[in-house]
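Note sheet for the following structure.
The values are calculated or read from the model by the stated rules, or taken from the named source; none is laboratory data. Every value quoted in this text rests on a predicted model; they were computed, and no experiment measured them. Cβ coordinates were reconstructed from backbone atoms using ideal geometry, including for glycine residues, and neighbour counts include every protein chain displayed.
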């Protein structure tokens, strides 16, 4: 009787583990979290971007003050990424072209692999996508600063798969459910692939999926709304 019992218990444990994995995958891959106003790619208010100081590919230091008064789209990438990051950068390039007549728009790409992505490496990557150095910024800096900015500031997930490299972060209060992109560098970096829309006052107004044409269409609509008027500071 003991052997069947162990088999039953082992089978139940395996089923529970499999269910947990399926549930985690469903949670990770779902769309943006719902808010009272609708999905997170509808214009809302998801908090303010905190003060930061990072280094642009040109070597100059960029802070929150440099983009205040501008409407901007932020994302997190790294140059050795082979899956979602090229898609993100391609979409950024298209937005840059479509909104070429909007001087108040900025695109901000922040590397999650600063140990490799120096200013020189980012410059070569930016050239690949025809990035305008005045309008599309590529930022790097200390890893702990970038990871804290992603987690605490933008409410997005980023993790280095190496246990010693993991940095603690509080659970997201706002923004989309955490969605991982695991790729490049042998899949060692997990990070969100979403675009974050920020207004002139540094408020996060929406999150957009980069693999969803409808969400990208709403991003363009939201950009036109924010660029079409100067919002009053609260």
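So, in the stretch 118-137, how many residues would count as being in contact (Cβ under 8 Å) with a residue 12 or more places away in the chain and in a loop (DSSP other than H, G, I, E, B)?
Residues that pass the stated criteria total 7.
Among the listed residues 119, 165, 181, 161, which satisfies the condition of being modelled with pLDDT of 95 or more and within 18 Å of residue 80 (Cβ to Cβ)? So that I can check it myself, show each step before the final result.
Details: 165 fails: modelled with pLDDT of 95 or more; 181 fails: modelled with pLDDT of 95 or more; 161 fails: modelled with pLDDT of 95 or more.
Result: 119 is the single residue among 119, 165, 181, 161 that is modelled with pLDDT of 95 or more and within 18 Å of residue 80 (Cβ to Cβ).
Limited to the stretch 40-94, what total is found for residues that are within 14 Å of the chain's Cα centre (by Cα) and under 16 Å from residue 106 (Cα atoms)?
Here the count works out to 10.
Let's see how each residue does on (1) over 13 Å from residue 193 (Cβ atoms); (2) not in a loop (DSSP other than H, G, I, E, B):
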{"position": "72", "(1), (2)": "yes, yes"}
{"position": "81", "(1), (2)": "no, no"}
{"position": "85", "(1), (2)": "no, yes"}
{"position": "97", "(1), (2)": "yes, yes"}
{"position": "102", "(1), (2)": "yes, no"}
{"position": "107", "(1), (2)": "yes, yes"}
{"position": "116", "(1), (2)": "yes, no"}
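Out of (1) buried (at least 21 other Cβ atoms within 10 Å of the Cβ); (2) modelled with pLDDT under 95, what's the single condition that is false for residue 86?
Single failed check for residue 86: (1).
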